[in-house]
Amino acid sequence: MERPLRQTLSALAAGSVPGTRVAPALAARPLALVRLAALLASDAATESIVWAAERATATGAADDELIAVLAAVASCADTVSASDNATRLAAALGYGGCERVESRGLSQVPGPAH
């Protein structure tokens, strides 16, 4: 990743917009989990999902919390998106496949009611 992009992402992760001083209303861990949820919901690139998961873990979030975020997002997404997100989050957590995610029943999470 290019240095300016990494610096911008780091500043945003710290709760500030480059060039401003904005204190986050959320503590670091909840803020990191919200960011992960937003990236999952917006079908962000896998690299962004990995970055957000690593950031959340660095703030003290446990794997179970990251999986809970996935489940919350999956309940609002279509089945294909939920499955794709499960696979990408499993990779971000260091699992080769979706075994742990599937063991929690997240591969069976239905999409939104239409």
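The values are calculated or read from the model by the stated rules, or taken from the named source; none is laboratory data. Nothing here was measured: the structure is a model prediction, and the numbers come from that model. A quick note on method: Cβ atoms are made from the backbone with ideal geometry, for glycine too, and the neighbour counts reach across all protein chains shown.
So the values come out like this:
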read-out	value
Residues of segment 69-92 satisfying the condition of being under 23 Å from Leu26 (Cβ atoms), more than 10 Å from the chain's Cα centre (by Cα) and assigned to a helix (DSSP H, G or I)	Ala71, Ala72, Ala74
Count of segment 24-62 residues which are charged (D, E, K, R), part of a helix (DSSP H, G or I) and surrounded by fewer than 16 Cβ atoms within 10 Å (Cβ to Cβ)	2
Qualifying residue in segment 19-29 (condition: farther than 18 Å from Ala86 by Cβ, at pLDDT 90 or above and among the β-branched types (Val, Ile, Thr))	no
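Here's the yes/no breakdown for (1) touching a Pro at 6+ places or on another chain (Cβ under 6 Å); (2) farther than 16 Å from Ser10 by Cβ; (3) at pLDDT below 90:
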position	(1), (2), (3)
Ala44	no, yes, yes
Glu54	no, no, no
Leu66	no, yes, no
Ala71	no, yes, yes
Thr79	no, yes, yes
